[in-house]
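Novice: So that we are looking at the same thing, I have put the structure below in structure tokens.
The values are calculated or read from the model by the stated rules, or taken from the named source; none is laboratory data. Remember, it's a predicted structure, so these values are computed and weren't measured experimentally. Here the Cβ positions follow ideal geometry from the backbone for every residue, glycine too, while neighbour counts run over all protein chains shown. For the accessible areas, the whole protein counts, side chains as well, though only heavy atoms, and no ligand, DNA or RNA atoms are used. Shrake-Rupley method; radii C 1.70, N 1.55, O 1.52, S 1.80 Å.
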Amino acid sequence: MKKNKSKGKEPARRPKYGTVYCMKWLVTRMWQWDRSLIWSSAALIPLSVLLYAIGLYTPSIILDSIQTNEDFNEIALIITVLLCATLFFNLIKDLISHVRSNASDRNFMRFYWELIKTRLQNDYFLNYDTEYLKLYDRAEQVFGNGMEGSPGTFVIRFFDMAANALCFVLFGSVISTLSPWFLLLFVAGSLVTMIPRRYQQDRDHEERDERNANFRKMNYLSWKLASKPIAAKDIRLYGFTAFLDDKIHTVIREHIRLLRHQQKNRSLASYVSFGVGFLRDGCAYLFLIWHAVHGNLTSAEFVLYFNAIARLSSFIDGIVQYIGSAHEAFLGTSDCIAYFDENHNRMNHAEGIPIPKGRPLSIEFRHVSYQYPKGEQPVLQDISFRIAAGENISLVGLNGAGKTTLAKLMCGLLLPTEGEILIDGHLLGEYNRDELYTLFSMVPQEYTILPTTIAENVAFRDRSEIDEARLLLCLEKAGIADKIRSLPKGIDSMVDKQYDADAVNFSGGELQKLLLARAIYRDADILILDEPTAALDAVAEDRMYQSYRELTNRATSVFISHRLASTRFCDRIYLLDGARLAESGTHEELMALGGRYRELFDIQSKYYKEGGDLHDEKEESSES
């Protein structure tokens, strides 16, 4: 049993990049973005050493002057010069520290923006890749909770460590005149305290994925569900409170367990550090007092050595702390580099072949299969078909048949596990990815309404760049113009009351009309409508069917629906069933075939027929 358990255990996670590489990577970017963090950190090194040196020698100089000089004016002058020098250099140090603090904040925000921008620019299919999401979580955690592991901290801690090391040399040289064994004592103590701290940091790094996974669950239950009005409605109506309460408590208990384990490692490092520091400093002070009692030191020398020992302890602790902090920042930086610099994309982000514009385009699938990462079985299997340029086709099938997945594959949002997809006779990868996307207008099932004006939501561009006449025409074609004209601010009305108290909230059907207007305004060469009538009433749905030819007269169109009665206006129908393309043809051809399409059509239509027959019988009964 033990053997199997250890065999199945994942290997410990180690940083992918070395210290030198991480430092070079960071400094290169900081030098390009904001050099003030580097020069201000470097400038603080000599200032810090100088101020500590003044602080070290000032008490003994004053005490020696009082004991050996009877001229008070000379003593007052020495004290004044030392105090003025301290004040002057402290003022300069504070100014430079202020510059560094601001530069550190700017670098933090720049790195965080780069993280978000990279996520937005990466290929869409990566949102389903669990390994990619794990990499993103590691990098996001570095920034998201303000931890010491942020990349800018890595550079800062190296400069701070250099300042402490120089101060250690200065103060250590003073101590060594009393006894060289002091230095050995302090260095040995530091090495001992570093061992448990490094162990704790490495364990934190190894267990970060487990904590991230738990945090994602907790964030989903406590924030994402709580912030969605639809979820809040379902929770109340269906009595999910007790169910969610149990789920949240389970996740929180796991969160507490992970935190306790993390704190246990940190406590061990703290206890060792305290114990070693107590023994180290205690031995040093006892040795110094013994020399003073036996008359081996003057009072000025005693003050000098006493001050040096106290400061040396803080420098040693500082070096250990900065080494630990730099190591933690190094681990975080390595995770960030793994996310930023490793190319996870598979679409073509370089220059591609010219994009065809202003005409309908053909679409072809050649033996395409697709299986979601970690999926148990393919969603689509060996799909082959061709849509001619300008053809209006309907893609039908039961819920879960893979219709939406096929549409995403068609746009290049997902990439096939096997097979090839061609647009206008060329593979998707031959086009530049962002240029490829301009070929498509899509009304998706899962949509985004931005917290901005209606005009900007439809046109997806700044208000000053919108063609208002064209926008109003698109709203008219989508059947939402009358509603928007009735609003006090018209197309400039804000959307989403959660963002703006004066905003307009639309019904599900009205939102679908807005999405249709958005797709029409884009005026792309390929139009994909994924269940566009799901939230429409019967009148609006019928109106859309009647105007479909007008909406698609300049494009190749794909109409996705599970309602088979809505497909008669299309040139050809494709039926997806069991992950495969089961049948294709016109409505009449498929009905005559008597296959799966006919079976599903009859099942759906019989309820309307039975309802009509029952209604007719009731009317006849009442008349008689």
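Novice: Among TYR21, CYS474, THR453, which residue has its Cα positioned farthest towards the positive end of the charge dipole of the chain, with +1 placed on the Cβ of Lys and Arg, -1 on the Cβ of Asp and Glu, and the dipole taken about the Cα centre?
Specialist: TYR21
Novice: Here are some values of Rg/Rh (Cα atoms, Kirkwood Rh): (i) 1.15; (ii) 1.04; (iii) 1.47. Which one was computed from this structure?
Specialist: (i)
Novice: With a ≥ b ≥ c taken as the square roots of the eigenvalues of the C-alpha gyration tensor of segment 437-482, please select rounded if a/c is under 1.5 and otherwise prolate if a/b is larger than b/c or oblate if it is not? All intermediate terms of the calculation are to be shown ahead of the outcome.
Specialist: On the way: a/c = 1.36, a/b = 1.19, b/c = 1.15.
In terms of gyration-tensor shape, rounded.
Novice: Let me check something: with ligands and nucleic acids excluded, how do MET494, MET544 order by accessible area (1.4 Å probe), largest to smallest?
Specialist: On the way: MET494 50, MET544 10 Å².
These residues rank, largest area first, as MET494, MET544.
Novice: Now, a different point. Solvent-accessible area of ILE61, probe 1.4 Å, all protein chains present, reported in Å² to the nearest ten, please.
Specialist: Rounded to the nearest 10, the figure is 70 Å².
Novice: Once ligands and nucleic acids are excluded and a 1.4 Å probe is used, how much of ILE603 is accessible, expressed in Å² to the nearest 10?
Specialist: 80 Å²
Novice: Quick one: of the DSSP bridges fully inside the chain, what percent are antiparallel, nearest 5?
Specialist: Details: 18 of 37 bridges.
About 50 percent, rounded to the nearest 5.
Novice: Could you give the distance between the Cα centres of segment 310-362 and segment 89-109, to the whole Å?
Specialist: 24 Å
Novice: Further, regarding this structure: Determine the relative contact order of the chain: mean sequence separation of Cα pairs under 8 Å and six or more apart, normalised by residue count, in whole percent. Write down the numbers at each step before the final one.
Specialist: Numbers: 763 pairs, mean separation 89.1, N = 624.
Across the chain, relative contact order equals 14 percent.
Novice: So, by mean Cβ neighbours within 10 angstrom, what's the order for 334-343, 583-592 with the highest one leading?
Specialist: Numbers: 334-343: 17.7, 583-592: 15.4.
With the highest mean Cβ count within 10 Å placed first, the list reads 334-343, 583-592.
Novice: All other residues with a Cβ under 9 Å from the Cβ of ALA503 taken together, and with Lys, Arg as +1 and Asp, Glu as -1, what is their net charge?
Specialist: Values: positive: LYS497; negative: ASP496, ASP500, ASP502.
Within the 9 Å Cβ shell, the charges total -2.
Novice: With all protein chains present, how much of the accessible area of the chain (probe radius 1.4 Å) comes from carbon and sulfur, to the nearest whole percent?
Specialist: Values: 19350 of 33820 Å².
Percent of accessible area from carbon and sulfur atoms in the chain: 57.
Novice: On a 23 Å Cα-Cα criterion, which of the cross-link pairs LYS374/LYS408; LYS357/LYS513; LYS16/LYS217; LYS117/LYS357; LYS477/LYS606; LYS217/LYS513 come out too long? Could the numbers behind the result be given before it?
Specialist: Values: LYS374/LYS408 18 Å; LYS357/LYS513 26 Å; LYS16/LYS217 27 Å; LYS117/LYS357 28 Å; LYS477/LYS606 32 Å; LYS217/LYS513 34 Å.
Pairs exceeding 23 Å: LYS357/LYS513; LYS16/LYS217; LYS117/LYS357; LYS477/LYS606; LYS217/LYS513.
Novice: About the Cα centre of the chain, how large is the charge dipole given +1 on each Lys and Arg Cβ and -1 on each Asp and Glu Cβ? Please answer in debye to the nearest 20.
Specialist: On the way: 71 positive and 79 negative charges, 414 e Å.
Roughly 1980 debye, rounded to the nearest 20.
Novice: For LEU395, which sequence-distant residues (separation of 5 or more, or a different chain) have an amide H within less than 5 Å of its own amide H, given hydrogens modelled in the peptide plane?
Specialist: Residues meeting the amide H criterion: PHE559, ILE560, SER561, TYR574.
Novice: For the peptides 434-445, 125-136, 346-357, what is the packing order when you average, over each peptide's residues, the other Cβ atoms within 10 Å and list the highest mean first? Write out the running numbers ahead of the final one.
Specialist: On the way: 434-445: 18.7, 125-136: 15.8, 346-357: 13.8.
Going from most to least packed, we get 434-445, 125-136, 346-357.
Novice: Also: Nearest 10 degrees is fine. How inclined is helix 508-522 to the longest principal axis of the chain, computing both from alpha carbons?
Specialist: For helix 508-522, the angle is close to 90 degrees.
Novice: Helix 208-219: angle to the longest alpha-carbon principal axis of the chain, degrees 0 to 90, nearest 10?
Specialist: Relative to the chain, helix 208-219 is tipped by roughly 50 degrees.
Novice: Moving on. Which net charge results when you count Lys and Arg as +1 and Asp and Glu as -1 among the other residues whose beta-carbon is under 9 Å from that of ALA213?
Specialist: On the way: positive: LYS134, ARG211, ARG216, LYS217; negative: ASP137, ASP209, GLU210.
Result for the neighbourhood of ALA213: +1.
Novice: What is the angle, in °, between the Cα long axis of helix 130-144 and the longest principal axis of the Cα atoms in the chain? Nearest 10 is fine, range 0 to 90.
Specialist: Taking the Cα atoms of the chain, the angle to 130-144 is about 50 degrees.
Novice: Whole-Hz ³J(HN,Hα) for each residue in segment 77-87, computed from phi via Karplus 6.51 cos²θ - 1.76 cosθ + 1.60 with θ = phi - 60°, x for glycine and proline: what do you get?
Specialist: 5, 4, 5, 5, 4, 5, 5, 5, 4, 4, 5
Novice: So, one more: So if I place +1 on the C-beta of Lys and Arg and -1 on the C-beta of Asp and Glu, and nothing else carries charge, what would the dipole magnitude of segment 291-370 be about its Cα centre? I want it in debye, nearest 20. Numbers along the way, then the final one.
Specialist: Values: 5 positive and 8 negative charges, 98 e Å.
Approximately 480 debye in magnitude.
Novice: Rounded to the nearest Å, what's the spacing between the alpha carbon centres of segment 246-298 and segment 484-532? Just the number, please.
Specialist: Value for the Cα centre distance between the two parts: 60 Å.
Novice: For LEU178, tell me the accessible area in Å² from a 1.4 Å probe, rounded to the nearest 10.
Specialist: 30 Å²
Novice: Provide the per residue accessible area, probe 1.4 Å, for the chain, rounded to a whole number of square angstrom. It would help to have the intermediate numbers written out before the result.
Specialist: Numbers: 33820 Å² over 624 residues.
Computed with neighbouring chains in place, this is 54 Å² per residue.
Novice: Kirkwood hydrodynamic radius of segment 30-85 from all distinct Cα pairs, in Å? Mind showing how you got there, number by number?
Specialist: Values: mean 1/r = 0.0733 Å⁻¹.
Value: 13.6 Å, from the Cα pair sum.
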